[in-house]
Structure formats: structure tokens, C-alpha cells
Amino acid sequence: QVQLVESGGGLVQPGGSLNLSCAASGSIYTIYDMGWYRKAPGKQRELVATITSIGNTNYRDSVKGRFTISRDNAKNTVFLQMNSLKPEDTAVYSCYVELMRYSDFEVADYWGKGTLVTVSS
């Protein structure tokens, strides 16, 4: 079994910052890509940012220059530093991890339950 635990969401004023984290634990042999998605009310889920095992990153255009994704491979953790937050960033943010399980060496995607980010004055 693999578990993902997210933290760091909350209420912040426009222009503020939040740092999300997502720690993976359990039967993990190796982790490949990690990333964050978000889903706002009434909208489809959208990819926010991804990071490969060697640190290559990719961002959706609307967050470039404001959000930074990073990872700590020793702790199986991915972070999302969000600066200059806007009301339109309000959403439930979920992390995902592509990994190879130690139990059977199968590759699979796992998702966190999500953490709510609300940007409002």
C-alpha cells in the first residue's frame, strides 16, 4: 500500500503565499514523476505543475513565474510554493505520484485526497 499525505492549504489574501507539501509513504521502490492538479468549483481538473525524477519541471501558463514545484527525493515529498496568489487560484489541490511499488515492481499512479486553497480578501 502507498499513502499520500498533503498539507499546507488554507485561506490567504490575494497577493499572499502558501506552500503545499505531499509526502508519499509505504511500499515504494522508486518514484518517477510527481505533480499537482487542481479543481475549482464548476471547472474541470487541470494540471498545475509537474517535476521529473531528475528535476525537470513543467507549469501551466497561468501559474508560471508565481508557482514553484520542487521535490525531496530522500523524503519522497513534493512541494508547491505558491506566490502572488489570485482569487482564480482558489481550488482543491491534489498531488499525484508515479511510482514503482516495492511489493510487486508494478508502476502505478497514486493521488492525494486534496487540500483546499482559498484566495479571498
If residue 14 meets every condition in (1) closer than 23 Å to residue 2 by Cα; (2) touching a helix residue (DSSP H, G or I) at 6+ places or on another chain (Cβ under 7 Å); (3) in a loop (DSSP other than H, G, I, E, B) apart from one, which number is that one? (1)
What strands (runs of 3 or more DSSP E) lie completely within region 67-121 and have 2 or more residues being touching a helix residue (DSSP H, G or I) at 6+ places or on another chain (Cβ under 8 Å) and in contact (Cβ under 8 Å) with a residue 40 or more places away in the chain? 115-119
Could you tell me which residue of region 61-74 is surrounded by the most Cβ atoms within 10 Å (Cβ to Cβ), considering only residues that are among the aliphatic types (A, V, I, L, M) and under 18 Å from residue 5 (Cα atoms)? 69
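Please tell me if residue 58 is over 24 Å from residue 121 (Cα atoms), without any contact (Cβ under 8 Å) to a residue 24 or more places away in the chain, within 15 Å of the chain's Cα centre (by Cα) and open to solvent by 60 Å² or more (accessible area, probe 1.4 Å).
Against the criterion (over 24 Å from residue 121 (Cα atoms), without any contact (Cβ under 8 Å) to a residue 24 or more places away in the chain, within 15 Å of the chain's Cα centre (by Cα) and open to solvent by 60 Å² or more (accessible area, probe 1.4 Å)), residue 58 qualifies.
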Considering residues of region 26-55 that are open to solvent by less than 50 Å² (accessible area, probe 1.4 Å) and hydrophobic (A, V, I, L, M, F, W, C) only, the residue farthest from residue 102 (Cα to Cα): 40
Can you tell me which residues in region 87-121 are open to solvent by 80 Å² or more (accessible area, probe 1.4 Å) and either among the basic types (Lys, Arg) or closer than 12 Å to residue 15 by Cα (or both)? 88, 113, 121
With respect to residue 77, determine if the residue is farther than 18 Å from residue 12 by Cα, within 11 Å of the chain's Cα centre (by Cα) and open to solvent by less than 50 Å² (accessible area, probe 1.4 Å). yes
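The values are calculated or read from the model by the stated rules, or taken from the named source; none is laboratory data. Values in this document were obtained by computation on a predicted structure and should not be read as measured data. Cβ sites come from the backbone with ideal geometry, for glycine too, and all protein chains shown count toward neighbours. All accessible areas refer to the heavy atoms of the entire protein, side chains included, with ligands and DNA or RNA removed. Shrake-Rupley method; radii C 1.70, N 1.55, O 1.52, S 1.80 Å.
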